[in-house]
1. For residue 15 and residue 335, what is the calculated FRET efficiency with R₀ set at 41 Å and r taken between the beta-carbons, to the nearest 0.05?
2. In whole Å, what is the distance between the alpha-carbon centres of region 149-201 and region 339-385?
3. Between residue 371 and residue 182, what FRET efficiency comes out of the Förster formula 1/(1 + (r/R0)^6) with R0 = 35 Å and r the beta carbon distance, rounded to 0.05?
4. Among rounded, prolate and oblate, which fits region 62-177 when a ≥ b ≥ c are the square roots of the eigenvalues of its C-alpha gyration tensor, a/c under 1.5 means rounded, and a/b larger than b/c means prolate?
5. Go ahead and collect, in residue order, the members of region 184-203 whose backbone nitrogen is under 13 Å from a label point 7 Å along the Cα-Cβ direction of residue 165.
6. Going by average Cβ density within 10 Å per residue, which order do the peptides 349-359, 363-373, 108-118 take, highest to lowest?
7. Which percent of Cα pairs goes in each bin when the distances of region 8-381 are cut into 20 angstrom slices starting at zero?
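Read-outs throughout are calculated quantities, based only on the coordinates presented, and are distinct from any laboratory measurement. All values derive from a computational prediction rather than experimental measurement. Cβ placement follows ideal geometry from the backbone for every residue including glycine, while neighbour counts extend to all protein chains displayed.
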């Protein structure tokens, strides 16, 4: 097959190091899919022809800036440049691709500067992952134009801003990851009861948020109420296009890292039933609201390393699917509710370094937790202490 007729080239997971006599733009005029992920490609980013719909060079050793020529690929549906060594800023001209692009993944590079105004009013983007870079400044409100976006991952950067409550207007947003940045201030209150209604994974950990926990937002997160475990699906963007003699549909699944059960876990595919709240390592104070117990689909709840006070709410016993509960390193007081024994899926429990008193609940899952789960509470008694 000649390069003039080549439409699909998938060479993922080989030991490719580069191309012979690499031009600035690859001369495969009918190319539709170019997948070179998980190789050992070095040097600058090769730019495929304008006919390309899916382009992935994830997991290589490419360097330099992302060339503005990439913005000429106006048919592109999926652009995955993650886990390389690209530097410089994110090209402002990516706005030109907003109407056609479904997936933009620039995770795990050395990109810096501000996040450009990626989305226009006609944006088709479903997934945006800019995590693991050195992005700075504030989040432009133009992201509110990304009305189709389902996953927004901006973690592990140096973004310095207040909580972007205006993202709550995005009607399809399911995943919001802002961890390990310089976000600050109080979360505040939603303006309507519909904000973030589809959200089921939120990670605001390792920032500088203050104030009370956002109990009003807890009430808005309706997607966390019910989980249909009988119909397992994964968060994905369906990338579709049609050629002269064929049509193509490809599902781009979401991978992400989440702290679950005390460990940092990489999900190659993220189940759409996974429900996580991680507000750890901030400066939240006040009591844990009882309303959190209404989000019965929650599987992992991490409020550790804050300045929370008052009792552990008994309503947490309503979270019957809960697998991980971390309330450690706060100022919580009174007894551990006996009702938590009812949480039969609970595999990780940590209330260490608080001011808790009284007997530790006994039986069922509590018989499996080590003494380190209760350390730093001189007033606690009973097994396993």
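1. It comes to 0.10.
2. After rounding, the separation between the Cα centres reads 32 Å.
3. With a Förster radius of 35 Å, E is 0.45.
4. Note, shape of region 62-177 comes out oblate.
5. Once the point is set 7 Å along Cα→Cβ of residue 165, 185-196 turn out to lie under 13 Å by backbone N, inside region 184-203.
6. Highest-to-lowest ranking by the protection proxy: 349-359, 108-118, 363-373.
7. 28, 51, 20, 2
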